[in-house]
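As structure tokens, the structure follows; a few thoughts come after it.
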Amino acid sequence: MSDCEEKHSCQETRCREEEAEKCHEESDLVEHVAGMWKSAGCKAFSGVVEEILKEKIRARWGSELEKGAEAFLGVMEACWQARIAKAKAGAEFRKALEKSLLG
């Protein structure tokens, strides 16, 4: 039994995806297609679980998360403005330096 055959569910599916990348002409087509279905099923299942969790998290902590997002954006904006000011100062210094050196 290969490593991949000993693993379960999504972990097994990831292994099958890795094996699919190394697909050889002599591989069993039915097995290959079945592995693709398992892989797609696992991805779809994970997607549904994520959607459900997102809904529940948003319902339970949405307002707190919104406040946190607003705080983060405020800090991010301040950092961005500081970077712009620094870039402008650097450009002005460069311009002044060029003018003093080159006339």
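Observations, loosely collected:
A quick yes/no check of all residues on (1) loosely packed, with under 10 Cβ neighbours inside 10 Å; (2) at pLDDT 95 or above:
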{"site": "K7", "(1), (2)": "no, no"}
{"site": "C15", "(1), (2)": "no, no"}
{"site": "E21", "(1), (2)": "yes, no"}
{"site": "H24", "(1), (2)": "yes, no"}
{"site": "H32", "(1), (2)": "no, no"}
{"site": "S46", "(1), (2)": "no, yes"}
{"site": "E77", "(1), (2)": "no, yes"}
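- Pairs meeting the criteria (first residue in the range 63-75 and touching a residue at least 12 places away in the same chain (Cβ under 8 Å), second residue in a helix (DSSP H, G or I) and surrounded by 10 or more Cβ atoms within 10 Å (Cβ to Cβ), beta carbons under 9 Å, at least 6 apart or on different chains) are lacking.
The values are calculated or read from the model by the stated rules, or taken from the named source; none is laboratory data. Fair warning: this is a prediction, and the values are worked out from it, not measured in the lab. Backbone-built Cβ (ideal geometry, glycine too); neighbour counts: all protein chains shown.
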